[in-house]
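The structure that follows is given in the form of structure tokens.
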Amino acid sequence: MKKPGLTFYILLGLFLGALCGYLWPAQAVKLQPVAKMFIRLIKMLVAPIILSTLVVGLAGAGEKHIGRLLLKALAWFWAATAVALVIGLGTANLLKPGLGAIERAGATFDAPPPPKPFYEQVIPESIVAALSTNSILQIVFFSVLFAMALSAVGKKGQPVVEALRGVAEAMFKVTEYVMRLAPIGVFAAMAAAIGAQGLGVMLQLAKLVGSLYLALAVFVAVLLVAMKLITGLHIRIVLAALKESLLLAFSTTSSESALPKAMTAMERLGVPGHIVGFVLPAGYSFNLDGSTLYLALASMFIAQATGKYLSPGTQLEMMLTLLVASKGVAAVPRASLVVLATTCATFGLKVEWIATILGVDAVMDMARTTVNVLGNCMASVVVAKWEGQLPADAPLMTGISPPPTANP
């Protein structure tokens, strides 16, 4: 019999935490420090992950023959991410999944504090200070400049790039270690939340999950219609060829686990191999549409649930922040929590609520990871079309299914 995975234990922690909070509310509230410790473990990963992954990705993309592909891919990545953010924020403002918690708690909206000037948020006085305070935009700003410099010095910069690649891999392993404690963090957070607010908090989480799935469905519909209009591809053939990849992404909540199958499928559909080989891996750092939509929706959920008013201007600022910050996190399971934690801290939201959301994060991660994979596959089609390298007789253009490949 197969051993239960992390998702099972997280869901078990969710159930037991809810039961504990319902049966022993006074004692359950005392578990809040445990939940806070787990959040601190997540937040400590922010700076090294963003710095290492972004520098390695940009420095590697600076090779001479892919400059044009890089610009075109990034242009599509930014456009798709912006659409995802707009849909996420729009869904949150329309459905208000977290608003019921405010009514039960009797909280009132707080006026947002005056925002800092943009240059103070982007340009660091000291990169050490930016790293120590998890200032995402400042870390991204430095990482871009540093990656450009490493690319410019050529071979002399390769040892630094390889060292940072090792840092990134090590930090992903640390993330794996931290996530082993997730069931405990979920148990403590759910017990404390339900002990303080009652079982009504579960209704809020159900609203959040439903809102996310609805928003992702809208985004996928918009994406596929746009792809049909831009490239003329046959949607049914593409989805049929990607079925295994998407199911793998959904079941493992890891985009990377679906990468080999997705690349093979896109090449069989007629997208040139060199474009697939560049766009799909690059998309795992720069084109996480599902995760970005989730970040916008989850941030608004926390604001609504805790009585924090975000004006339209502040929401626009948050969208621009997420538009940049989401480009620095690789698509590993639940890595978006790292960016969500820092976004909440940046805009004065209660970071502790992330541990509560984590109780249903596995369910949401399945959907958003699947959308990440689909979005990257579609990006390869757009870039190939833009480059004029999408053959007219490609299966995705003719609507004729490619011949099946033999299973290894």
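With in contact with a Leu (Cβ under 9 Å, 6 or more places away or on another chain), crowded, with 17+ Cβ neighbours inside 10 Å and farther than 21 Å from residue 362 by Cβ as the only criterion, which of 47, 18 stands out?
47 is the lone residue from the list that is in contact with a Leu (Cβ under 9 Å, 6 or more places away or on another chain), crowded, with 17+ Cβ neighbours inside 10 Å and farther than 21 Å from residue 362 by Cβ.
Being modelled with pLDDT of 85 or more and of a type in the set (Phe, Trp, Tyr) narrows it down to one of 294, 284, so name that one. Spell out how you get there, then give the answer.
Details: 284 fails: modelled with pLDDT of 85 or more.
After ruling out the rest, the residue left standing is 294.
Okay, next question. From 299, 291, grab the single residue that is buried (at least 23 other Cβ atoms within 10 Å of the Cβ), within 27 Å of residue 385 (Cα to Cα) and small (Gly, Ala, Ser). Can you show your working first?
On the way: 299 fails: within 27 Å of residue 385 (Cα to Cα).
It is 291.
Moving on. When you scan segment 353-404 for helices (runs of 4 or more DSSP H) that lie fully inside it, which ones turn up with 1 or more residues that are over 30 Å from residue 195 (Cα atoms) and of a type in the set (Phe, Trp, Tyr)? It would help to see each step written out before you state the result.
Working: elements: 353-357, 361-386, 395-398.
Output list reads 361-386.
One residue is enough: does segment 359-372 have a residue meeting the conditions surrounded by fewer than 24 Cβ atoms within 10 Å (Cβ to Cβ), modelled with pLDDT of 80 or more and among the hydrophobic types (A, V, I, L, M, F, W, C)?
Yes, segment 359-372 has at least one match.
Still on this structure, I have one more. For residue 251, state whether it is of a type in the set (S, T, N, Q), buried (at least 18 other Cβ atoms within 10 Å of the Cβ) and in a helix (DSSP H, G or I).
Values: of a type in the set (S, T, N, Q): yes; buried (at least 18 other Cβ atoms within 10 Å of the Cβ): no; in a helix (DSSP H, G or I): yes.
Answer is no for this residue.
Return only the number of the condition from (1) part of a helix (DSSP H, G or I); (2) at pLDDT below 85; (3) over 30 Å from residue 217 (Cβ atoms) that residue 62 does not satisfy.
Unmet for residue 62, out of (1) part of a helix (DSSP H, G or I); (2) at pLDDT below 85; (3) over 30 Å from residue 217 (Cβ atoms): (1).
Related question: Report every pair of residues separated by at least 6 positions or lying on different chains whose Cβ atoms are under 7 Å apart, first residue within segment 258-279 and within 16 Å of residue 387 (Cα to Cα), second assigned to a helix (DSSP H, G or I) and among the charged types (D, E, K, R).
273/267; 276/267
Can I ask one more? Check off (1) modelled with pLDDT of 75 or more; (2) of a type outside the set (Val, Ile, Thr); (3) surrounded by fewer than 23 Cβ atoms within 10 Å (Cβ to Cβ) for residue 322 and give me the number that stays unchecked.
With respect to (1) modelled with pLDDT of 75 or more; (2) of a type outside the set (Val, Ile, Thr); (3) surrounded by fewer than 23 Cβ atoms within 10 Å (Cβ to Cβ), residue 322 is out only on (3).
Name, by its number, the condition in (1) at positive phi; (2) crowded, with 23+ Cβ neighbours inside 10 Å that does not hold for residue 271.
(1)
The values are calculated or read from the model by the stated rules, or taken from the named source; none is laboratory data. Because the structure is a prediction, the values reported are computed rather than measured. Glycine gets a Cβ as well: all are built from the backbone with ideal geometry, and neighbour counts include every protein chain shown.
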